[in-house]
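Just so it is clear, none of the values below were taken in a lab; they were calculated from the coordinates. The structure presented is a predicted model; accordingly, all values stated were derived computationally and were not measured. Glycine gets a Cβ as well: all are built from the backbone with ideal geometry, and neighbour counts include every protein chain shown.
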Amino acid sequence: MPLFLPNFDLQHYNTLGVPVKAQVYVSVADETELVEALRYAGHEKLPLLILGGGSNIVLCDDFSGLVIHIRLHGKTLIAENNEFIWLRVAAGENWHELVEYCLDFHYWGLENLSLIPGSVGAAPIQNIGAYGVELKDVFEELTAIDIRSGLPVTFTKEACEFGYRDSIFKGRLRDQYVITAVTFKLRKQAHLVLSYPALRDALTPQLSDSVTPKTVSDIICAIRRSKLPDPAQVPNAGSFFKNPVIPVAHYESLRLQYPQLVAYPVDEQQVKLAAAWLIDHAGWRGQVCGPVAVHGQQALVLTNPGRAKGSAVVALAEKIQQSVWEKYGVALEPEPRFYP
Ligand code: FAD
Ligand code: NAP
């Protein structure tokens, strides 16, 4: 039987460092404990918060319910052929440690996703992405427990309906499943993705056969460390907003006014704007609002140096949304999930 802890302080369990309490907290190390915890929540009629590394949530206030901390561990090589290996990884494994493990064993494909905080089980929730690679590019299937029935289910890639920082688990099936393991399909031969300017620029002096997935990972780690605040030093939840995707006509009219606007084509009808550019050029970069702030190196990151409640972060986010809307007519959508 897992240990249910009442009135549990969550400050060290969310990267924004928000000091709120969970009515009840339980850490689960295997599927049996998870099912017991789900049964307890059902019996006590407690709302649920499934917690991984707490790097993509905003805890606005105390959570009146049960926090289930996913601590399932293990990695299993389940199949291989000449080209690929299939690796099944438990949901509680740390994401970056998995990336390092795969680099050590020469299982290629995760290198561009280096240094993303959080757990393996949360990665499919928003189809994590960075430097031109998304989880869906290396994803085979996942297993989950149906919260209502307590039974295991398998989801294929198609069933997950992955999109840009999105999946079915953020939409139609939100709060219905707990992911217990993810199976990755990784390459035996490296296939480097070097399309992002920051990555290309850093590699230019050595663009040759000597570039390996390990080089790519090292460079991405170095870029990230130089731009992003370490949550252990300066609490934050990474990019606070998704990059907005707008119609080409809207983009063309904005570009007349702002020729330096940073944007990337999505398809013939749509363009993705760099939200950081919009926020920066609306004057927000480096702004401090009481206990919370907009990071000086990267305007997409809101920080919580004063370790205030998440509601203070949300209030700042709303001011930024309002100002970006007034200046560019573009709606910014938050990326992390707000609780309660
Ligand atoms: P949590 O914050 O614990 O949970 C996030 C959501 O997923 C919650 O709704 C939670 O209930 C749900 N969830 C968690 N685990 C499970 C599970 N096993 N089953 C069902 N639901 C679950 N994201 C990117 O995409 N790309 C980046 O480059 C990136 N960089 C970041 C950099 C920094 C400094 C920070 C702080 C964040 C960054 N993020 C990035 C966001 C974040 O790291 C990812 O979204 C990550 O996958 C969240 O993992 P987590 O375990 O911390 O999730
Ligand atoms: P960047 O390299 O300065 O690029 C700025 C923006 O332009 C990024 O948001 C990126 O979109 C987009 N972009 C750049 N090159 C692109 C290309 N060739 N094709 C399509 N889009 C392109 O970004 P950054 O802020 O330093 O972040 C680097 C990467 O890490 C990005 O992929 C970013 O998403 C990821 N990251 C995510 C988080 C998070 O919390 N979600 C936090 C930090 C970094 P995309 O964001 O769509 O990739």
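Just a few scattered comments:
- Chymotrypsin sites (Phe, Trp or Tyr not before Pro) lying in DSSP loop within the stretch 108-166, provided at most 14 other Cβ fall within 10 Å: Y164
- Each residue of the stretch 230-246 is assigned a 3J(HN,Hα), and the resulting list reads 6, x, 5, 9, 10, x, 6, 10, x, 5, 7, 10, 6, 6, x, 9, 10 Hz, derived from the Karplus form 6.51 cos²θ - 1.76 cosθ + 1.60 (θ = phi - 60°), x at Gly and Pro.
- Treating each Cα of the stretch 5-70 as an identical point scatterer and summing with the Debye formula, the log10 of I(q)/I(0) at q = 0.12, 0.17, 0.19, 0.29 Å⁻¹ comes to -0.27, -0.54, -0.67, -1.33.
- Extension gain, V288 to D201, is 28.2 nm, computed as 0.36 nm per intervening residue step minus the present C-alpha separation.
- Built amide H within the under 5 Å cut-off of A237, gap 5+: L302
- Segments 230-241, 69-80, 191-202 sorted - mean Cβ within 10 Å per residue, highest first: 230-241, 69-80, 191-202
- Lys, Arg +1 and Asp, Glu -1 on Cβ, resulting dipole of the chain about Cα centre, debye, nearest 20: 620
- Gain upon complete extension [S226, D30; 0.36 nm per residue less C-alpha separation]: 66.9 nm
- Residues in the stretch 152-158 carry Karplus couplings, in order, of x, 9, 10, 10, 7, 4, 4 Hz; the curve used is 6.51 cos²θ - 1.76 cosθ + 1.60 with θ = phi - 60°, and Gly or Pro positions show x.
- Separation of the S149 and F105 label points, Cα + 7 Å toward Cβ, nm: 3.1
- DSSP-loop GluC sites (Glu not before Pro) across the stretch 223-324, with at most 15 other Cβ within 10 angstrom: E268
- The percentage of C-alpha pairs in the stretch 236-339 whose separation is greater than 21 Å is 32%.
- Along the axis of the charge dipole computed for the chain (Cβ charges of +1 for Lys and Arg, -1 for Asp and Glu, origin at the Cα centre), the listed residues I116, P259, C102 are led at the positive end by P259.
- Sequence-distant residues sharing a close amide H with R337 (under 5 Å, placed H): I57, V58
- Rh (Kirkwood; distinct C-alpha pairs) - the chain, Å: 21.2
- Hz values of 3J(HN,Hα) by residue in the stretch 273-278 - Karplus curve (6.51, -1.76, 1.60), Gly and Pro given as x: 8, 7, 4, 4, 5, 4
- Taking the centroid of alpha carbons for each part, the stretch 182-247 and the stretch 1-60 are 31 Å apart.
- Annotation: extensible slack from K188 through M1 equals 63.2 nm (criterion: 0.36 nm per residue apart, minus Cα-Cα distance).
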